[in-house]
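A quick write-up on the structure given underneath.
Read the figures in this text as sums done on the coordinates, not as results from a lab. Remember, predicted model here, so these are calculated numbers, not experimental data. Neighbour counts run over all protein chains shown; Cβ positions are idealised from the backbone, glycine included.
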Amino acid sequence: MPVETIKWVGRAPGARVRLIDQTELPAREIYLERTDYRLLADDIRHLAVRGAPAIGVAVAFGVVLGMQEVVGLPPEKFRKRMIEVAGELSVTRPTAVNLFWAIERMKKALERVPQDTTSQKLLALLEAEALAIFEQDRKLCRAIGEHGAGLLENGARVLTHCNAGALATAGIGTALAAIYVAQEQGKQISVFVDETRPLLQGARLTAWELTRAGIEATLICDNMAGSIMSRGLVDLVITGADRIAACGDAANKIGTYSVACLAQKHGIPFYIAAPFSSFDLSIPDGSHIPIEERDSREVVSPFGLHLAPSGIKVLNPAFDVTPAELITAIITDRGIIRLPSRENISRIMGR
């Protein structure tokens, strides 16, 4: 069974969040328990919890943690404090749109009830909404897997980049969900796992997940992808996405664009797998997606190992954007969007 990445324990105002510390994998399987939303915000910022859907769930839980601290406030001050807590959580990771989607849902949960609703009832509403986001993500992952598994023939050889599995969601993942469901259906699937520099989410996380699930996996360096494609060893590519624009341009972990270009060169289908909550139809194309720039130390001294000379300039964007024309289809919980375009996305998304 895929790992349980994040969990809500107890009931507010005495609840806590339990999550696996992904910075420790694969060496150690350590679980963190948080009652302070500030610590959870640091966990998001420092990648103890990561992946767009999981970030959305974590932020929703973080709002409840923040508000259970002040449940004794008058309703007006409680609502004001909720906006402040949400604001602190919103700046943790700028690219993953699920974060902002979850915060909006939490805000709207309070907007639907009268202004004089007691703080205790408001807290209960926030907790219910956060748990609904958690449960919905589990269902969305399963639906993505059901749709995506149909694209995988028995014996399919898949290449994936970064981690879009259970560790990136509250369920069985997005890109890896299709592989998990195909395995349930009795298909034999093998996976080439890009190491995904600089933080090795593929080597540390995806490889760990797949081997734990009994799926044949082969780890490769990022710069091997083109070579194995040229040798006819890859049948299709599936990755996740952190934000998808209205036209189908998709932001994902840095290096995804390169893989998409290589796939097109070699005539290999390139698929994105993501829930409806990863679509940002308010932006026309990928040029409007904010790209997070991360600490240079992740490149020059990853995991404390010094690999480059002191003072060297570093460019470390966490994501890149793959244009829609390089994407064969987007696998969503609502169906498969073939030939991604504004029209095709709008038809499937219903908005």
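Structure above, values below:
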| quantity | calculated |
| --- | --- |
| Cα gyration tensor category, rounded, prolate or oblate, for the stretch 135-199 with a/c compared to 1.5 | oblate |
| Furthest towards positive pole of dipole, ASN223, VAL300, GLN183, structure part the chain, Cβ charges | GLN183 |
| Electrostatic dipole magnitude of the stretch 145-349 [Cβ: Lys, Arg +1; Asp, Glu -1; Cα centre; debye, to 20] | 200 debye |
| Relative contact order (%) - criterion: Cα under 8 Å, at least six apart; region: the chain | 16 percent |
| Order of CYS221, CYS247, CYS162, CYS261 - criterion: other Cβ atoms within 10 Å of each residue's Cβ, fewest first | CYS221, CYS261, CYS247, CYS162 |
| Unit charges on C-beta of K, R, D, E only; dipole of the stretch 42-137, Debye | 200 debye |
| Test item: Cα-centred dipole of the chain, Lys/Arg +1 and Asp/Glu -1 on Cβ, debye | 380 debye |
| Trypsin sites (Lys or Arg not before Pro) restricted to DSSP loop in the stretch 188-296 with at most 13 other C-beta within 10 Å | ARG231 |
| Span-like helix ranges in the chain, DSSP H, alpha carbon extent 20 angstrom or more, Kyte mean at least 1.6 | 52-68 |
| Expected 222 nm ellipticity per residue - DSSP helices of 4 or more, -39500 (n - 2.57), all of the chain, to 500 | -11500 deg cm²/dmol |
| Proxy reagent accessibility, fewest Cβ within 10 Å first, across VAL71, VAL113, VAL321, VAL300 | VAL113, VAL71, VAL300, VAL321 |
| Local electrostatic count, GLU33, Cβ distance below 9 Å [Lys/Arg +1, Asp/Glu -1] | +3 |
| The stretch 145-349: radius of gyration and largest Cα-Cα distance (Dmax), Å | 16.5, 53 |
| Listed residues ALA274, LEU199, ILE291: farthest to the positive end of the dipole of the chain (Cβ charges) | ALA274 |
| Cα gyration tensor category, rounded, prolate or oblate, for the chain with a/c compared to 1.5 | prolate |
| Shape category assigned to the stretch 174-247 from the gyration tensor of Cα positions, a/c cut at 1.5 | rounded |
| The stretch 53-86 residues near the modelled ASP36 label - backbone nitrogen below 16 Å, point 7 Å along Cα→Cβ | 62-63, 65-70 |
| For the stretch 39-83 and the stretch 262-333, distance of Cα centres in Å | 26 Å |
| Greater than 27 Å apart at Cα, pairs in LYS139/LYS265; LYS107/LYS253; LYS139/LYS187 | LYS139/LYS265; LYS107/LYS253 |
| Most positive-pole-ward Cα, ILE327, ILE312, TRP208, against dipole of the stretch 198-347 from beta carbon charges | TRP208 |
